[in-house]
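Structure first, commentary second.
No lab work stands behind these numbers, since they all come straight from the coordinates. The structure displayed is predicted, hence computed values, not measured ones. Ideal geometry is used to build each Cβ from the backbone, glycine not excepted, and the neighbour counts take in all protein chains shown.
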Amino acid sequence: MAPILLNCMGNDHNDYIKQLVQVKNPNLDTMEEDILYHFSLGTKTHNLPEMFGDIKFACVGGSANRMKAFAQFIHKELELPGNPEEIIDICEGTDRYCMYKVGPVLSISHGMGVPSISIMLHELIKLLHHAQCRDVVLLRLGTSGGVGLAPGTVVVTDKAVDYSFRAQFEQVVLGKVITRSTELDEGVANELLQCSSELQNFPTVIGNTMCTHDFYEGQGRLDGALCSFSHEDKLEYLRKAYDAGVRNIEMESTVFAAMCRVCGLKAAVVCVALLNRFDGDQITSTHDVLVEYQQRPQVLVSHFIKKRLGLIV
């Protein structure tokens, strides 16, 4: 197979290839060693530039099994040598996350919720920095609850918003609240939407994604162990969300968008809606249907990656 070449998608090629992944922490410069504890990697124990220096796409998702499946899928899509069934979990020394390297693509699990993904992102961004990676795109692939959308619809996030529909993420640092913008890269989102129109396999929309702190009360579900509101209260809140441009709900997008933006990383969130929350709270689709739904973000992101690599004209 011919070597994969990066399609810079623009005219400023020299500027494009010079964009090293940055961290926003001067303390790292004074450290003799940086241990990426939750990855079971380190700057002294591993040659990170040799292992990861060619990475151009870091794809993250909640489920370890799903991200292994994506790694095997992208291995086949890129027609790389070797058996995709034999890919190795780089993080096998820890049970926190899984990580697979497939050519210029990393596939990593992040668990559920803001705390879990934020820990992973700190170490991922540092990893890409230590590895001297250039112009990396981060993509979150996931599942979500749709807001006014048919099940199976893929949502490319415009802005990640909080419970009040604000495009911001609040982080408590030393007892003080730090507010960071959660706007994502418009160009990458538009590229993904263009890819969906080329595929024509499933409905895809661009909309705001609301990030909540939990799956039940925070998302207005009536079926949790606790519930202090009525069915009409829930519908009123969902209507307000829809009017604010929200098209899906999940639990990771705000911190993902905020951290990528602070570090100057181009990023996108691509999630499939498993149900329309106006119609109910429980996910009732069959296993086979859900598996096919969960593959849709993978198919879209794979097409995006292949276009970026010049494998699709």
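Between region 279-308 and region 14-77, how far is it from one alpha carbon centroid to the other, in angstrom?
Measuring centre to centre over Cα atoms gives 25 Å.
Once you place label points 7 Å from the Cα toward the Cβ at residue 83 and residue 54, how far apart are they in nm?
About 2.2 nm separates the two model spin labels.
Would you kindly derive the ³J(HN,Hα) couplings of region 148-161 from the backbone phi angles with the Karplus curve 6.51 cos²θ - 1.76 cosθ + 1.60 (θ = phi - 60°), listing them in order in whole Hz, with x for Gly and Pro?
Per-residue couplings from phi come out as x, 10, 6, x, x, 6, 9, 10, 8, 6, 7, 10, 8, 10 Hz.
Using every Cα-Cα pair within region 132-235, state what percent have a distance larger than 23 Å.
Percentage above 23 Å: 43.
Can you give the Rg/Rh ratio of region 21-91, where Rg is from the C-alpha atoms and Rh is the Kirkwood radius?
1.02
For region 192-268, what mean projected area does the convex hull of the alpha carbons give, in nm²?
6.9
Which one of 205, 290, 144 is farthest out on the positive end of the charge dipole of the chain, using unit charges on Cβ (Lys, Arg +1; Asp, Glu -1) and the Cα centre as origin?
Toward the positive end, the furthest listed residue is 205.
Quickly estimate the mean residue ellipticity at 222 nm for the chain, helices only: each DSSP H run with n ≥ 4 gives -39500 (n - 2.57), and the total goes over all residues, rounded to 500.
Computed ellipticity for the chain at 222 nm equals -10000 deg cm²/dmol.
Could you tell me the distance between the Cα centroids of region 229-258 and region 100-120, to the nearest Å?
24
Mind giving me the nanometre distance, one decimal, between the label points for residue 278 and residue 20, set 7 Å out from Cα along Cα→Cβ?
Result: 5.1 nm between the two label points.
In region 24-117, which trypsin sites (Lys or Arg not before Pro) are in a loop and have at most 11 other Cβ atoms within 10 Å, using DSSP for the loop call?
24, 44
Starting from the Cα of residue 215, move 7 Å in the Cα-to-Cβ direction to define the label point; list residues of region 237-273 whose amide nitrogen is under 14 Å from there.
Only 250-252 pass the distance filter.
Which length gain, in nm to one decimal place, applies between residue 177 and residue 286 when the Cα-Cα distance is subtracted from 0.36 nm times their residue separation?
35.0 nm
Between residue 44 and residue 190, what is the FRET efficiency for a Förster distance of 41 Å, r being their Cβ-Cβ separation, to the nearest 0.05?
Calculated value: 0.50.
Report, ordered by chain and residue number, the lysines lying within cross-link reach of residue 56, taken as a straight Cα distance under 27 Å and ignoring same-chain residues fewer than 8 apart.
Hits, sequence-local ones excluded: 18, 24, 44, 68, 76, 101, 126, 159, 266, 306, 307.
Once the piece of chain linking residue 201 and residue 33 is laid out straight, how much longer is it, given 0.36 nm per residue of separation minus the C-alpha distance between them?
55.8 nm
Give the label of the value calculated from the structure for semi-axes √(5λ) of the Cα gyration tensor in Å, choosing from (1) 31, 23, 19; (2) 71, 27, 22; (3) 45, 36, 19.
Identified label for the calculated read-out: (1).
By how many degrees, 0 to 90 and rounded to 10, does the Cα axis of helix 114-130 deviate from the longest principal axis of the chain?
So the inclination is approximately 20 degrees.
Quote the relative contact order of the chain in percent (integer), defining contacts as alpha-carbon pairs under 8 Å separated by 6+ residues.
Computed value for the chain: 24 percent relative contact order.
Hey, can you grab everything whose amide H is under 5 Å from the amide H of residue 102? Only 5+ residues off in sequence or another chain; H modelled, so Pro and N-termini drop out.
Under 5 Å from the amide H of residue 102 lie the amide H atoms of 107, each far enough along the sequence or on another chain.
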